[in-house]
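Below is one structure, written out as structure tokens; the observations come after it.
The values are calculated or read from the model by the stated rules, or taken from the named source; none is laboratory data. Computed from a predicted model, the values in this text were never measured in an experiment. Note that we place each Cβ from the backbone using ideal geometry, even for glycine, and neighbour counts take in every protein chain shown. Protein only, heavy atoms only, side chains kept; ligands, DNA and RNA dropped before computing areas. Shrake-Rupley method; radii C 1.70, N 1.55, O 1.52, S 1.80 Å.
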Amino acid sequence: MDKILEVKNLTVGYGNTPVVQNASMTLHKGEIVGLVGESGCGKSTFLRTLMMLTDENAHIMSGTITFENKNLADMTEEQLRLIRGQDISMVFQNSAEACNPVQTIGYHFWETMNCHGEKHSKKECNKKVAELLKQLRLQKPERILKSYPFELSGGMNQRVGIALAMINNPKLILADEPTSALDVTVQMQVLREMYDLKKEFQTAIVLVTHSIGVVAGLCDTVGVMYGGHIVEWGSCEDLLSHPYHPYTKALIEAVPTESGKDPKGIPGMPPDFGTSMPGCPFAPRCARASSQCKKEMPKQIDITDKHRVWCWHLEDNGGGK
Ligand SMILES: Nc1ncnc2c1ncn2[C@@H]1O[C@H](COP(=O)(O)OP(=O)(O)OP(=O)(O)O)[C@@H](O)[C@H]1O
Ligand SMILES: [Mg+2]
């Protein structure tokens, strides 16, 4: 498979505080990667950095982000502008971020479709957009195109954000909880549209989600984040059926099952980024943590050539079961 994005040892901080640490990942054409982890673990920061669209106080402390053999971290704003919206697009966690409040929805699509010198007429744009909006289960697309963002509900704006990210058939879509504001029935429909897009155009997608169910149903690969670190990475099939990291296991056990068994919560609190800790970020909440875990960050262990995990105690934590 063709590699489209390679992130190596990426550390991103706000001020002097790193919140994404030493993260590496590889993404291929047509691959969907799911990123999961508790609130505040750094998923949005990581995702936004992949498109160099972080908040002003964020900065890359080390590492590279290689998209089609070019390091995005070295590019000028002008070079990045040519890539954004055309080759890489983003669905924001907060849909309002995608839109300018004083422009109509139709204008946003027209601008996105023409932003790299193409000349699509308004009529041509509206026809293509109306089709996509219908596929995303938005009724009366003509009316939506004439509306301003504030005239639409949160769920509608979210679907507009997804459509804006999809309209130019980019090579890579970065989607930050794209469906969390939607009703469950519409959620599945919208995810299916994204899946079909991947099938048809070999679009690669990085999808941040809280739902292990969404990961299982949609993703090829899954990355588990904890405290700014990727602690386990592997194919969905492998990782969900044979999780190794105690945190991954806890996340999977926290999913309610059909048998009605009570889901287990994860005791303790997520780490506070302000206090620097030398060891494994999960150690303070891990039942098997030893003094080594508290002192030293685990090394990468390769279970297979794709499945890797960062934990000192694989042999005695029932790894893979
Ligand atoms: N602009 C900012 N300045 C300073 N700290 C920030 C900023 N944005 C986020 N953070 C902090 O960085 C950490 C990671 O935040 P991030 O939004 O990346 O997490 P997340 O995994 O996306 O969480 P959620 O699931 O709630 O969306 C958090 O502690 C957050 O408070
Ligand atoms: Mg987030």
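When every residue of region 163-173 is checked against the conditions, none turns out to be among the β-branched types (Val, Ile, Thr), without any contact (Cβ under 8 Å) to a residue 40 or more places away in the chain and farther than 21 Å from Val215 by Cα.
Checking each residue in region 8-59 for being assigned to a strand (DSSP E or B), touching a Ser or Thr at 6+ places or on another chain (Cβ under 7 Å) and within 12 Å of ligand 1 (Cβ to nearest atom) picks out Val12, Pro18, Val19, Val20, Gln21, Val36, Ala58.
Give Thr179, Thr209 a once-over and let me know the one that is at pLDDT 90 or above and open to solvent by less than 30 Å² (accessible area, probe 1.4 Å). So the residue among Thr179, Thr209 that is at pLDDT 90 or above and open to solvent by less than 30 Å² (accessible area, probe 1.4 Å) is Thr209. Total residues in region 164-222 satisfying the condition of being of a type in the set (Asp, Glu) and either within 16 Å of ligand 2 (Cβ to nearest atom) or not in a helix (DSSP H, G or I) (or both): the figure is 4.
Which of (1) open to solvent by less than 20 Å² (accessible area, probe 1.4 Å); (2) within 17 Å of Met90 (Cα to Cα) does Lys171 not meet, given it meets every other one? Unmet condition: (1). A single entry from Pro278, Pro270 fulfils the requirement of being within 21 Å of Ser39 (Cβ to Cβ) and surrounded by fewer than 24 Cβ atoms within 10 Å (Cβ to Cβ): Pro270. Determine whether region 183-204 contains at least one residue that is away from ligand 1 (no atom under 16 Å from the Cβ), modelled with pLDDT of 90 or more and under 15 Å from the mean Cα position of the chain (by Cα). Checked against the condition, which is being away from ligand 1 (no atom under 16 Å from the Cβ), modelled with pLDDT of 90 or more and under 15 Å from the mean Cα position of the chain (by Cα), region 183-204 yields at least one hit. Among the residues making up region 235-256, those that are modelled with pLDDT under 90 and either of a type in the set (A, V, I, L, M) or open to solvent by less than 70 Å² (accessible area, probe 1.4 Å) (or both) are Ala254, Val255. Pairing residues of region 36-50 that are open to solvent by 10 Å² or more (accessible area, probe 1.4 Å) with residues that are near ligand 2 (Cβ under 8 Å from one of its atoms) and among the charged types (D, E, K, R), at Cβ distances under 8 Å and at least 6 apart in sequence or on separate chains, gives Lys43/Asp176; Ser44/Asp176; Arg48/Asp176.
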